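Q: Shown below is the structure under consideration.
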Amino acid sequence: MKPIVLYGRGAYPGVAEGFAVVCPDSIAGNTGGLGDTDGVIYEAGSSARGQCIAGKILVLPGAKGSNGFSAHFKAAAISGFAPAGWIVTRMDSRIGGAIVSLRTPAVTDFADADPLSVLETGDYIRVDGTNGVVTVWKKAPGTGRRNITAKESGICPGRRNC
Amino acid sequence: MLRLTEYEQAMLEGGFGPFRQAAMRVICDYAQVLGAKELCTVRRATLFIGAHHYLDAFSPEEDYTRIFSEFYLNREEPIPFDRMAPECAAQTCAAAADLDDWEATHLGEAFVRRNNAWLGAASGVGVSIVNSCTPYYAGWVPLQGEHFVTNESSNTLMSNSVFGAYGNADGVETAVCAAITGRTPKWGMHVKENRRGDVLFRVETDPADAYDWDLLGYTVGRYLPPHGKPVLSGISRRPDVNMLRQCFSSLASTSAAEICHIAGLTPEARDVPDALGGLAPRRTVTITGREIAQSLAMLCDAGEGPVDLVSVGCPHLSLEELRDLAWALEGKAVATGTDFWIWTDYATQHMAARSGYVAAIEKAGAKVLNSSCPLVMRERSHRQYRAMVLNGAKQAHNIRAQTDAAVYFGDLRACVRAALRGAWEGGSR
């Protein structure tokens, strides 16, 4: 299947690849919403609850909740559970702080399509934060299975649902 | 492309020492991530630092200078502490523990001592120990047009919306670096043109007290689209600062709002057109009793039953609320087997003690605590409780990620009632 390409603004340079975790309602930055030492999303009511962010490409509309948002991502990163990259519909200060603190590639402020309407959890993504380009390999439709297997093993050091 | 002044460039190149150089590197990277073209001068800061649980990845024995460097300055090697920017009044946000108690809150002496040691290191470089999520009660008030950073989301809303000061919802790391350098990216809420409201809320519920405003903020946040800047219209009764405190804390729990105009009340909202900058809103939402009732159902578990923890003071309570609690508890006794925690900052706690309120409250068996709250102290402080009553929607919303206990939500009178009876008997007010 031909990959889909989205163009935005490169917010943090570098290239990262991984499977998408799409969070249409974002992730609450409040204490306890994201596990500081295991990188697991615990926020009650979140569609991504139980997912581990380690090695993933996080796809978010922006941040929400406490201004402590970035600190919990930084804590998870220091514990060994950093996301590989970020795709953010529109930049804001909470998520900007997280990106600079983790120093991981990010693309934001998309010109054409909202990535939330194109991407699904499980899609394979390349984030080129230097040039502001996102390349998407969709998972196989209807099966819930990915249509590629490359780099699948060892991509996530997390303990649960990685 | 980011433009720096000569002073900022010199700081980036190390002319003011390695501590400020490392922080300026982070601020410049932050500006690039945001897309800012220049920096602005920060006059006030509140920082969520100390032995907070986001530092649990580090060993308790780890050298705090190394922790500080890695976590806040993005540097692997320890950078020796130096002074914060003298032009910026920096102080601590809510802390990981009460300054003195480790028994009532179940945290243990070692943890509280470590928290105080790390707070002491912060005050050594010029971050005053205030430990408040309501810093305006103790004199932290940025003026109209003044640039600030704060890690307390309700304070971002209060300072932007009510004081007319300029600040974003900054993360801990970038706020620390802003306080060290006295600079932050001139972006977002720091730019006047970005501050106009764009989502109009027609409020039909006539909020009258802190409880009403708490539920209103929670509800507005539920309906606010991402990046929305709400304008509240239809407010007929003038709220006080305690009511707005509740509104902004819950609004920042269900949304990422950084500014909330209230037509006819807040300085950038003389009326609805003024708040919207003369433009049409991108969305209009009507808030009725139905939406408020839905919020209450989300915050307060159904049913009745015994409770073993009542905690009020999210955000931290004001002096006059401590007086009201002293009056409400006069001649009464908290039920055996129920802990009743009342949270404020320690400056207000001292004033309440001198005024006789603390003694009256504690005579009834409740406990006045400072600096923190169950949510910030996390599971160790509340894991033994099976049912809790809380007065803050922010607390009642977020504590659910930390506990399987029953969570009931009510106003201060309902909380007092539950503490005296040792039971939740329904009725949130």
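Q: Of all residues in region B:343-366, which are under 21 Å from the mean Cα position of the chain (by Cα), under 17 Å from B:Ser311 (Cα atoms) and of a type outside the set (S, T, N, Q)?
A: B:Trp343, B:Asp345, B:Tyr346
Q: For region B:224-249, which positions are in a loop (DSSP other than H, G, I, E, B) and within 14 Å of chain A (Cβ to nearest Cβ)?
A: The initial filter retains those residues of region B:224-249 that are in a loop (DSSP other than H, G, I, E, B), namely B:224-229, B:234-240.
Of everything in region B:224-249, those that are in a loop (DSSP other than H, G, I, E, B) and within 14 Å of chain A (Cβ to nearest Cβ) turn out to be B:Leu224, B:Pro225, B:Pro226, B:His227, B:Gly228, B:Lys229.
Q: Do you know which of the residues in region A:86-97 that are outside any helix (DSSP H, G or I), of a type outside the set (Phe, Trp, Tyr) and in contact with a strand residue (DSSP E or B) (Cβ under 6 Å, 6 or more places away or on another chain) is nearest to the other protein chains (Cβ to nearest Cβ)?
A: Residues of region A:86-97 outside any helix (DSSP H, G or I): A:86-92.
Adding the requirement that they be of a type outside the set (Phe, Trp, Tyr) leaves A:87-92.
Still in the list and also in contact with a strand residue (DSSP E or B) (Cβ under 6 Å, 6 or more places away or on another chain): A:87-88, A:91.
Numbers: A:Ile87: 14, A:Val88: 10, A:Met91: 6 Å.
Among those that are outside any helix (DSSP H, G or I), of a type outside the set (Phe, Trp, Tyr) and in contact with a strand residue (DSSP E or B) (Cβ under 6 Å, 6 or more places away or on another chain), it is A:Met91.
Q: Separate question: Based on what the data block shows, is B:Thr105 more than 28 Å from B:Val191 (Cβ to Cβ) and buried (at least 18 other Cβ atoms within 10 Å of the Cβ)? Break it down stepwise before answering.
A: Details: more than 28 Å from B:Val191 (Cβ to Cβ): yes; buried (at least 18 other Cβ atoms within 10 Å of the Cβ): yes.
Criteria met by B:Thr105.
Q: Quick check on my filter: what residues within region A:50-85 are within 9 Å of chain B (Cβ to nearest Cβ), assigned to a loop (DSSP other than H, G, I, E, B) and of a type outside the set (S, T, N, Q)?
A: A:Pro61, A:Gly62, A:Ala63, A:Gly65, A:Gly68, A:Gly80 - these are the residues of region A:50-85 that are within 9 Å of chain B (Cβ to nearest Cβ), assigned to a loop (DSSP other than H, G, I, E, B) and of a type outside the set (S, T, N, Q).
Q: A follow-up question, please. Which one of these is at pLDDT below 95 and among the acidic types (Asp, Glu): B:Glu70, B:Glu76?
A: On the way: B:Glu70 fails: at pLDDT below 95.
Being at pLDDT below 95 and among the acidic types (Asp, Glu) holds for just one of B:Glu70, B:Glu76, which is B:Glu76.
Q: Inside region B:400-415, can you point out the residues that are in contact (Cβ under 8 Å) with a residue 60 or more places away in the chain, part of a helix (DSSP H, G or I) and among the hydrophobic types (A, V, I, L, M, F, W, C)?
A: Those that are in contact (Cβ under 8 Å) with a residue 60 or more places away in the chain, part of a helix (DSSP H, G or I) and among the hydrophobic types (A, V, I, L, M, F, W, C): B:Leu412, B:Cys415.
Q: Hey, any hits in region B:76-86 for a residue that's within 16 Å of A:Val100 (Cα to Cα) and more than 10 Å from chain A (Cβ to nearest Cβ)?
A: The initial filter retains those residues of region B:76-86 that are within 16 Å of A:Val100 (Cα to Cα), namely B:76.
Keeping just the survivors that are more than 10 Å from chain A (Cβ to nearest Cβ) gives B:76.
The answer is yes; a qualifying residue exists.
Q: Of all residues in region A:101-132 being within 20 Å of A:Ala28 (Cα to Cα) and either assigned to a strand (DSSP E or B) or out of contact with any strand residue (DSSP E or B) (no Cβ under 7 Å at 6 or more places or on another chain) (or both), which is nearest to the other protein chains (Cβ to nearest Cβ)?
A: A:Ser101
Q: I'd like to check which strands (runs of 3 or more DSSP E) are fully inside region B:280-399 and have at least 1 residues that are under 21 Å from B:Ser132 (Cβ atoms) and among the charged types (D, E, K, R). Outline the logic, then answer.
A: On the way: elements: B:283-287, B:309-312, B:339-344, B:367-370, B:387-390.
Of the strands (runs of 3 or more DSSP E) lying wholly inside region B:280-399, those with at least 1 residues that are under 21 Å from B:Ser132 (Cβ atoms) and among the charged types (D, E, K, R) span B:367-370.
Q: Considering only region B:76-127, how many residues are in contact (Cβ under 8 Å) with a residue 60 or more places away in the chain, among the aromatic types (Phe, Trp, Tyr) and outside any helix (DSSP H, G or I)?
A: The number of residues fulfilling the criteria is 1.
Q: Which of the residues spanning region B:90-136 are within 16 Å of B:His382 (Cα to Cα) and either of a type in the set (D, E, K, R) or at pLDDT below 95 (or both)?
A: The answer is B:Asp98, B:Asp101, B:Glu103.
The values are calculated or read from the model by the stated rules, or taken from the named source; none is laboratory data. Just so you know, these numbers come straight off a predicted model, no measurement behind them. Counting neighbours? That spans all protein chains shown, and the Cβs are built from the backbone with ideal geometry, glycine included.
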